[in-house]
Amino acid sequence: MRKLKENLKRCFSSYTRIFLCVIGIVSVRVFIEWAFFVFPLQINGFQDYVRFYLENVYYFLILFLVMSLFVAWIARVDLKAVMRFGVTLYPIIWLPPLIDHLFLGRTEGYYYARVENFFDNLTSLYFATSDGSFGLSFEVILGIFALIVFVLWKTRNIFKALTTGLFLHLFLLIFTTPDLFFGRAGADYYFDTFLPAYYFFPSIFFLTATVFVRNRNKCLAVLQNLRPARAGIFIAAVVFGVIARYIINRVAYLYNPFLCGVAVFFLWQVAVIVNDIYDIAIDKVTNTDRPLARGVLSVEDYSFAAVVFSFWALSLAAVISGPVLLLAVLFIGLAYVYSVPPLRLRKNFSGNVVIALAVLISFFMGVSSSGFRPVNVFYLFPVGMMMFIF
């Protein structure tokens, strides 16, 4: 048992590994559902599958963070220890589709719970209504029981253990009933307004809260080093792309460009972090106020921030469209070409070319995000080249 605990500690020794492991476990769950179930396509194949995947990733990620924070608080246990336990427990989310399809023959995908069944779901753990299934109920019961046992083992306090179980049940019930917050949105749940509002922006809050609880100074160091002013250059390029698209096609769907601007903001933060990691020696002389130079953050800590920012940026880009996602990946690639050996183009004039390319990419992300109709890129390319030269 002791050897197993030591192996788990080594395996999940960093937040980056825990974060990626949770995403990996959820990805397996999604792939099982794709293999066994069908769900209606509402936009097109790519966008529907991307949004379905991201819905699941954000749902289980937020659930993981909320329960880790609550258990760490009520049991007075180190947050990372709770998260290690959570990662070892999380494969139970594979059980519902396996049980429901292989043993009960279910082929229909899962749906959000409905407001009218709220109290029935509360008292029956989803057994009594069509909102749930045997597999989902088994997953909920097993998860609640495991957390009750964990808290009881750590605290020897039955009241705290039962409170944890009740909190998990209530949070699950509220979180799986979006109608409580959005009304009867129905089929709109697969569209871009729902996923960012219900999942993306709350995930920013809960992830920031998790880091803040773990180490307030490190969290503040990351926030203070965001450099939003410089990000404004790339966000401005997105705005120019939206304007150019409107001039050519008279199309301007403003919500997606807003999401695109947020994505570009996080893309720039990834570029900042990569650059800071490979400039530690220089910054200790010329930029002593930066987190790595001051020793407030380790490279491992800062790398975790880069992983999270990349995840946020790419997921928002994927929600908008495939071309925007591809451009976001190119932006991150440029960040590495600019800062990472052996190329490390920032050392010579070509570094300015890389920055100009990043501005050009931001421009075309704005173009691609501002409407659903195809746009003739030929007309917009001269505008983009003017920004590139500028």
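Quick one: what pairs do we get from the stretch 229-241, first residue closer than 19 Å to L254 by Cα, second β-branched (V, I, T), C-beta under 6 Å, 6+ apart or different chains?
Matching pairs, first to second residue: F234/V264; I235/V264; A237/V359; V238/V264; G241/V367.
From the set of residues in the stretch 307-348 that are assigned to a helix (DSSP H, G or I) and charged (D, E, K, R), which is farthest from A237 (Cα to Cα)? So that I can check it myself, show each step before the final result.
Here is the first cut: in the stretch 307-348, the residues assigned to a helix (DSSP H, G or I) are 307-320, 322-339, 345-347.
Restricting the remaining residues to those that are charged (D, E, K, R) gives 346-347.
Numbers: R346: 21, K347: 25 Å.
Checked the stretch 307-348; the qualifying residue farthest from A237 (Cα to Cα) is K347.
Which residue pairs have Cβ atoms closer than 8 Å, lie 6 or more positions apart in sequence or on different chains, and pair a first residue in the stretch 49-65 that is over 15 Å from I92 (Cα atoms) and without any contact (Cβ under 8 Å) to a residue 40 or more places away in the chain with a second residue that is aromatic (F, W, Y) and part of a helix (DSSP H, G or I)?
Pairs that qualify, where the first residue is over 15 Å from I92 (Cα atoms) and without any contact (Cβ under 8 Å) to a residue 40 or more places away in the chain and the partner is aromatic (F, W, Y) and part of a helix (DSSP H, G or I), are Y49/W34.
Anything in the stretch 267-306 that is in a loop (DSSP other than H, G, I, E, B), without any contact (Cβ under 8 Å) to a residue 12 or more places away in the chain and either of a type in the set (S, T, Y) or touching a Leu at 6+ places or on another chain (Cβ under 8 Å) (or both)? List them, or say none. Talk me through it step by step, then tell me what you get.
First, the residues of the stretch 267-306 that are in a loop (DSSP other than H, G, I, E, B): 278-279, 287-290, 295-298.
From what's left, without any contact (Cβ under 8 Å) to a residue 12 or more places away in the chain: 287-289, 295, 298.
Once the filter is applied, which keeps residues that are in a loop (DSSP other than H, G, I, E, B), without any contact (Cβ under 8 Å) to a residue 12 or more places away in the chain and either of a type in the set (S, T, Y) or touching a Leu at 6+ places or on another chain (Cβ under 8 Å) (or both), the stretch 267-306 yields T288, S298.
For every residue, the table says whether it meets (1) farther than 27 Å from F64 by Cβ; (2) of a type in the set (D, E, K, R); (3) surrounded by 19 or more Cβ atoms within 10 Å (Cβ to Cβ); (4) under 24 Å from the mean Cα position of the chain (by Cα).
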position	(1), (2), (3), (4)
F212	no, no, no, yes
K218	no, yes, yes, yes
N225	no, no, yes, yes
R230	yes, yes, no, yes
F234	yes, no, yes, yes
I243	yes, no, no, no
I248	yes, no, no, no
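Just checking: which of the helices (runs of 4 or more DSSP H) contained wholly in the stretch 45-137 hold 1 or more residues that are modelled with pLDDT under 90?
On the way: elements: 45-75, 79-89, 95-98, 118-124.
It comes to 45-75, 79-89, 118-124.
Go through the stretch 76-115 and give me each residue that's out of contact with any Lys or Arg (no Cβ under 6 Å at 6 or more places or on another chain) and among the acidic types (D, E). Steps first, please.
Looking only at the stretch 76-115, we keep the residues that are out of contact with any Lys or Arg (no Cβ under 6 Å at 6 or more places or on another chain), and these are 76, 78, 80-92, 95-99, 101-115.
Answer for the stretch 76-115, where residues must be out of contact with any Lys or Arg (no Cβ under 6 Å at 6 or more places or on another chain) and among the acidic types (D, E): D78, E108.
Kindly provide the set of residues from the stretch 136-153 that are surrounded by 19 or more Cβ atoms within 10 Å (Cβ to Cβ) and over 20 Å from D100 (Cβ atoms), ordered by number.
L147, I148, F150, V151
Evaluate the stretch 43-57: report whether one residue or more is crowded, with 18+ Cβ neighbours inside 10 Å, under 20 Å from the mean Cα position of the chain (by Cα), under 24 Å from A305 (Cβ atoms) and among the hydroxyl-bearing types (S, T, Y).
For the stretch 43-57, residues crowded, with 18+ Cβ neighbours inside 10 Å, under 20 Å from the mean Cα position of the chain (by Cα), under 24 Å from A305 (Cβ atoms) and among the hydroxyl-bearing types (S, T, Y): present.
Tally the residues that are assigned to a helix (DSSP H, G or I) and either without any contact (Cβ under 8 Å) to a residue 24 or more places away in the chain or among the basic types (K, R) (or both), restricting the search to the stretch 249-266.
So the first thing to find is which residues in the stretch 249-266 are assigned to a helix (DSSP H, G or I), and the list is 249, 255-266.
Narrowing the set further to residues that are either without any contact (Cβ under 8 Å) to a residue 24 or more places away in the chain or among the basic types (K, R) (or both) leaves 258.
The number of residues fulfilling the criteria is 1.
The values are calculated or read from the model by the stated rules, or taken from the named source; none is laboratory data. No experiment lies behind these values; they were computed from the predicted model shown. Don't worry about glycine lacking a Cβ; one is built from the backbone with ideal geometry, like all the others, and counts go over all protein chains shown.
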